[in-house]
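Below is one structure; the comments refer to it alone.
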Amino acid sequence: MLADYQQDRARRQREAYEQAQREGTAPTLGGRLREQPVRVVGLLVAVLALLLVTLLPFLTLG
């Protein structure tokens, strides 16, 4: 029963996304950047900080 629901929901979401793409209303990276620039920049800073914290020990080894 749950598997049927998940398949049906996935199909409906896929159809909705394809329709949004045809209509030009599907979310894009550029659109999100224009709508929420502070959030996008904040996420990029967070990703870069995480990469720095993760890689810094290896970069300072030698």
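First select every other residue whose beta carbon is under 15 angstrom from the beta carbon of Ala26; then total the charges, Lys and Arg +1, Asp and Glu -1. Please report the intermediate quantities before stating the final value.
Values: positive: Arg14, Arg22, Arg32, Arg34; negative: Glu15, Glu18, Glu23, Glu35.
Summing Lys and Arg as +1 and Asp and Glu as -1 gives 0.
The modelled label-to-label distance for the pair Asp4/Ala20, using points 7 Å beyond Cα in the direction of Cβ, is 2.8 nm. Accessible area per residue was computed with a 1.4 Å probe on protein heavy atoms; Glu35 scores about 150 Å². Ignoring ligands, DNA and RNA, please state the percent of accessible area on the chain from carbon and sulfur, probe 1.4 Å. Answer for the chain: carbon and sulfur cover 64 percent of the accessible area. Put simply, the amide H of Ala26, placed in the peptide plane, has neighbours under 5 Å in Gln21, leaving out anything fewer than 5 places away on its chain. Take the chain with all the other protein chains still there, run a 1.4 Å probe, and you get 95 Å² of accessible area per residue. Each residue of segment 53-58 was assigned a 3J(HN,Hα) from its phi angle through the Karplus curve 6.51 cos²θ - 1.76 cosθ + 1.60 (θ = phi - 60°); the sequence is 5, 6, 8, 4, x, 6 Hz, with glycine and proline shown as x.
Please work out the Kirkwood hydrodynamic radius for the chain, using every pair of different C-alpha atoms, and report it in angstroms with one decimal place. Spell out each step's value before the answer.
Details: mean 1/r = 0.0655 Å⁻¹.
With all distinct Cα pairs of the chain included, I get 15.3 Å.
The values are calculated or read from the model by the stated rules, or taken from the named source; none is laboratory data. Treat the numbers as computed from the prediction; the structure is a model and nothing was measured. Positions of Cβ are backbone-derived with ideal geometry, glycine not excepted, and every protein chain shown enters the neighbour counts. Please note that ligands, DNA and RNA were not included when accessible areas were found on the heavy atoms of the full protein model with its side chains. Shrake-Rupley method; radii C 1.70, N 1.55, O 1.52, S 1.80 Å.
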